[in-house]
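**Student:** Shown below is the structure under consideration.
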């Protein structure tokens, strides 16, 4: 019981500590390049939580991050590293935007489901490619998923400039045809951009939890991820499980893309993704791939995204500085040894008697 | 036809050079058992720091020093987290990429903003560069190109014919055995990573100051990952890495050539996919290489 409490406090304490250290180092950097760090952080906080509008903007940013974080987690649990959420999100958005602008004969509800399904399939296919190349040829998914990201960006660039995908309205900027009104998701809070997609994201987390921890297939995947040999020995197919995991992972990331299209921005444009794929990986890593962890760190990273825009407006610190903080948070979050290391060397630096008195070993 | 061939070869060399420099560094760190996907970020930082140094001192040489120093520093950070603290190499490398993406955009908006800087000057080889048509295109390069080509036999020699090369290869295969005979595994890996960081920084500076004379945000565009693929494709060995990077460079040159044809203009996005597709194909055909170290990406714990 007691050790469980220690375990819990550790699983919360280390991520919080990582965030604090990263924010402090970020403040030092912002000061060093000549800005007012206190003012920058204040505007960041206001931009994220200041009023109902900024908080809903935080949740708008959180929505796709939860999808991509679940995507990373599914693959991770099965022992695969999916760095391709960004590309899968793009493919999902392209597929979804394409059918969302057509097939108006379908009744509204069915059309939405169809659009979501196509978004899922788009992402799943993109994940499946990387998975199949890994299983068949042993090509490292670390590199293939990244390369597939760049290929997906080019696909989007093609779709927004070429018929029949592009919007043919005279004078329109390069973008895909807008999805029809019937598939657009309702707004949850009037006068904000917060849309129903947030609920879909919550559902995705719940499904992830039930699938991974309460079904046989999910159990198999976790066994394969933890110890492929044990899995193989007990008759589980490593290849099939891996392919299924990375396809599901891709599909969920694709859902994140299509939800952003039908919830937020009916015209799909290049650069519609605010680094959602990569930040989603950060969300998963900070949250330890745990359902609750994903939700909490999803809101946190969503807040950084939303607040970063405000910070750039008010304090003139480029919003890209947020990425610096993000990078540091992840590296600290996975380096628990860091705090132990500095604790240890710190003790070594102290006079011997004092150190001996403090240590309980 | 001759002119076409010459231009194609020149374009190949131009795009292959940064890949080759970065991949030669990576051969050492990969052989010591480290997979550094943060190479992309280090190259990006090198591209930016090179421009900053070149702008501040109006000298491309200072730019190169800046790029190498930045690469060494980022390499040192990576080594501290992955070797000393034994954190996941993939995650640390990934966050290094995010970190570098943020850092370069921030500093670019602050300092450079697309300003032109002194680029690497070209030096003609006396005699050879006098050959008509081919000479000026093929024997007139920035120093870094000659350096990259010279570094191939040099790194081959260090890796296979010296004591230190043997130690680097051994720590990747069996760190425990190395430790018992008194080779400092941590020191070897730190050294290999920092060297690879220096080379990656230098490679990045060639992208911003050799191919162009300015910094563009995210200009490396996957080059770091391609360098990793080049190392796999080149079987973790300098000579074959040279061949591999020339092939990758040729695919990039082919892309630019195709972009000038009527079909290429209509489908420019598909032409742009070419280098990425070729990277994937190369990885598929050459994923299982004989020289891959046994303890690749496995942190060493000294008990």
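Read-outs: derived from the displayed coordinates by stated rules, not from any lab. Being a predicted model, the structure only gives us computed values, none of them experimental. Positions of Cβ are backbone-derived with ideal geometry, glycine not excepted, and every protein chain shown enters the neighbour counts.
**Student:** Specify the residue with the greatest mean-square fluctuation among A:34, A:231, A:280, computed from a Gaussian network of chain A linking alpha-carbon atoms under 10 Å apart.
**Tutor:** Among A:34, A:231, A:280, the largest GNM mean-square fluctuation belongs to A:34.
**Student:** Using only the Cα atoms of segment A:182-230, what are the Rg and Dmax in Å?
**Tutor:** Reported Rg and Dmax, both Å: 17.2, 54.
**Student:** Using only the C-alpha atoms of chain B, find the volume of their convex hull and express it per residue in Å³. Could the numbers behind the result be given before it?
**Tutor:** Values: hull volume 41.4 nm³, N = 303.
In chain B, the Cα convex hull volume per residue is 137 Å³.
**Student:** Students often check this: by mean Cβ neighbours within 10 Å, which of A:193-202, B:78-87 ranks highest, and how do the rest follow?
**Tutor:** Working: A:193-202: 19.7, B:78-87: 21.7.
Ranking the peptides A:193-202, B:78-87 by packing returns B:78-87, A:193-202.
**Student:** On to the next question. Using 0.36 nm per residue, how much length does the chain from residue A:21 to residue A:38 gain when fully extended, once their Cα-Cα distance is taken away? Present the calculation step by step, with values, prior to reporting the outcome.
**Tutor:** Working: separation 17, 0.36 × 17 = 6.12 nm, distance 1.54 nm.
Full extension from residue A:21 to residue A:38 adds 4.6 nm.
**Student:** Which whole number gives the average, over all residues in B:73-85, of C-beta atoms from other chains lying within 10 Å of the residue C-beta?
**Tutor:** Numbers: counts 0, 0, 0, 0, 1, 1, 0, 3, 6, 1, 0, 4, 9.
Partner Cβ neighbours, averaged per residue: 2.
**Student:** Testing the spin-label approximation: label points 7 Å from Cα along Cα→Cβ at residue B:113 and residue A:8. State their distance in nm.
**Tutor:** 5.3 nm
**Student:** Spin-label point model (7 Å from Cα, Cβ direction): what's the residue B:84 to residue A:45 distance in nm?
**Tutor:** Those two pseudo-labels are separated by 3.2 nm.
**Student:** Which residue fluctuates most in the GNM of chain B (Cα springs below 10 Å): B:48, B:61, B:19?
**Tutor:** Greatest mean-square fluctuation among the candidates belongs to B:61.
**Student:** Can you give the log10 of the normalised intensity I(q)/I(0) at q = 0.09, 0.12 Å⁻¹, computed with Debye over equal Cα scatterers of the protein assembly as shown?
**Tutor:** Values, matching the q order: -0.79, -1.43.
**Student:** Right, here's the next one. Based on C-alpha coordinates, I'd like the Rg and Dmax of segment A:58-150, in Å.
**Tutor:** Taking only Cα atoms of segment A:58-150, I get Rg and Dmax of 14.7, 44 Å.
**Student:** Right, next: Compute the helix-to-body angle for B:163-173: its Cα long axis versus the longest principal axis of chain B, expressed 0 to 90° and rounded to tens.
**Tutor:** The angle comes out near 70 degrees.
**Student:** A follow-up question, please. Can you give the mean number of other chain Cβ atoms that lie within 10 Å of the Cβ atoms in peptide B:284-294? The partial results should precede the final answer.
**Tutor:** On the way: counts 8, 2, 3, 9, 3, 1, 0, 0, 0, 0, 0.
Mean shielding by partner chains, rounded to a whole number: 2.
**Student:** For the pair residue B:160 and residue B:177, how long in nm is the line joining their label points, each one 7 Å along Cα→Cβ?
**Tutor:** 2.0 nm
**Student:** What does the extension gain come out to for residue B:243 and residue B:267, with contour length at 0.36 nm per residue minus their alpha carbon separation? Please report the intermediate quantities before stating the final value.
**Tutor:** On the way: separation 24, 0.36 × 24 = 8.64 nm, distance 2.89 nm.
Full extension from residue B:243 to residue B:267 adds 5.8 nm.
**Student:** Specify the angular offset, from 0 to 90 degrees and rounded to the nearest 10, of the alpha carbon long axis of helix B:60-79 from the longest principal axis of the alpha carbons in chain B.
**Tutor:** 30 degrees
**Student:** Students often check this: by mean Cβ neighbours within 10 Å, which of A:86-97, B:158-169 ranks highest, and how do the rest follow?
**Tutor:** For the peptides A:86-97, B:158-169, the packing ranking is A:86-97, B:158-169.
**Student:** Diagonalise the Cα gyration tensor of segment B:84-196 and give the resulting equivalent ellipsoid semi-axes, square root of 5 times each eigenvalue, largest first, whole Å.
**Tutor:** On the way: eigenvalues 274, 154, 17 Å².
Ellipsoid half-lengths, sorted descending, are 37, 28, 9 Å.
**Student:** Further, regarding this structure: Contact order normalised by length for chain A, with contacts defined as Cα pairs under 8 Å and 6 or more residues apart; what percent is it? Please list the in-between numbers first.
**Tutor:** Details: 626 pairs, mean separation 117.6, N = 361.
Value for chain A: 33 percent.
**Student:** Give the shape of segment B:1-85 as rounded, prolate or oblate, defined through the alpha-carbon gyration tensor: a ≥ b ≥ c are the square roots of its eigenvalues, a/c under 1.5 means rounded, and otherwise the shape is prolate if a/b is larger than b/c and oblate if not. Don't skip to the answer; put the middle values down first.
**Tutor:** Values: a/c = 3.58, a/b = 1.41, b/c = 2.54.
Here segment B:1-85 falls in the oblate category.
**Student:** Per residue of A:131-139, what is the mean number of Cβ atoms on other protein chains within 10 angstrom of that residue's Cβ?
**Tutor:** Values: counts 0, 1, 5, 3, 0, 2, 8, 6, 12.
Other-chain Cβ atoms within 10 Å of each residue's Cβ, averaged: 4.
**Student:** Also: Just to confirm the number: angle between the C-alpha axis of helix A:291-315 and the first principal axis of chain A, 0 to 90 degrees, nearest 10?
**Tutor:** 80 degrees
**Student:** For n ≥ 4 DSSP H runs only, could you compute -39500 (n - 2.57) per run for the protein assembly as shown, divide by its residues and tell me the 222 nm figure to the nearest 500? Don't skip to the answer; put the middle values down first.
**Tutor:** Working: 28 runs with 472 residues, N = 664.
After summing the helix terms and dividing by residue count, I get -24000 deg cm²/dmol.
**Student:** Would you please classify the overall shape of segment A:11-337 from the alpha carbon gyration tensor, given that a ≥ b ≥ c denote the square roots of the eigenvalues, rounded means a/c under 1.5, and beyond that prolate means a/b larger than b/c while oblate covers the rest?
**Tutor:** On the way: a/c = 1.67, a/b = 1.06, b/c = 1.58.
Cα axes put segment A:11-337 in the oblate bin.
**Student:** To continue, here is another question. What FRET efficiency comes out for the pair residue A:227/residue B:76, r = Cβ-Cβ distance, R0 = 35 Å, nearest 0.05? Before the final figure, lay out the partial values.
**Tutor:** Values: r = 34 Å, r/R0 = 0.97.
Once rounded, the FRET efficiency stands at 0.55.
**Student:** Given the options B:127, B:41, B:102, state which has the largest fluctuation in a GNM of chain B using a 10 Å cut-off (strictly under) for Cα springs.
**Tutor:** Most flexible of the set in this elastic network: B:127.
**Student:** Take the Cβ-Cβ distance between residue A:193 and residue B:130 as r, set R0 to 60 Å, and report the resulting FRET efficiency rounded to the nearest 0.05. Spell out each step's value before the answer.
**Tutor:** Working: r = 66 Å, r/R0 = 1.09.
Computed FRET efficiency for residue A:193 and residue B:130: 0.35.
**Student:** If you average the alpha carbon positions of segment B:102-125 and of segment B:267-303, how far apart do those two centres end up, in angstrom?
**Tutor:** If you average the Cα positions of each part, the centres end up 29 Å apart.
**Student:** Where the convex hull is taken over the Cα atoms of segment A:111-180, what is its projected area averaged over directions, in nm²? Show your work: numbers first, answer last.
**Tutor:** Values: hull surface 23.4 nm².
Quarter of the Cα hull surface area: 5.8 nm².
**Student:** Let me ask another. Would you kindly calculate the mean projected area, averaged across all directions, of the convex hull enclosing the Cα atoms of segment A:271-319, in square nanometres? Don't skip to the end; give the middle numbers.
**Tutor:** Numbers: hull surface 14.4 nm².
Seen from a random direction, the Cα hull of segment A:271-319 projects 3.6 nm² on average.
**Student:** Something else now. What FRET efficiency do you get for residue B:143 and residue A:206 if R0 is 45 Å and r is their Cβ-Cβ distance, rounded to the nearest 0.05? Intermediate values should be presented prior to the final figure.
**Tutor:** Working: r = 59 Å, r/R0 = 1.32.
My answer for the efficiency is 0.15.
**Student:** Still on this structure: So what is the orientation-averaged projected area of segment A:182-330, using the convex hull of its C-alpha atoms, in nm²?
**Tutor:** Numbers: hull surface 44.8 nm².
Computed as one quarter of the Cα hull surface, the answer is 11.2 nm².
**Student:** Cα gyration tensor of segment B:162-303, axes a ≥ b ≥ c as square roots of the eigenvalues: rounded (a/c below 1.5), prolate (a/b > b/c) or oblate?
**Tutor:** Numbers: a/c = 3.07, a/b = 2.08, b/c = 1.48.
Prolate.
**Student:** Kindly rank A:169-178, A:254-263 from highest to lowest mean number of other beta carbons found within 10 Å of each residue. All intermediate terms of the calculation are to be shown ahead of the outcome.
**Tutor:** Working: A:169-178: 14.7, A:254-263: 30.9.
Ranking, from highest mean packing down: A:254-263, A:169-178.
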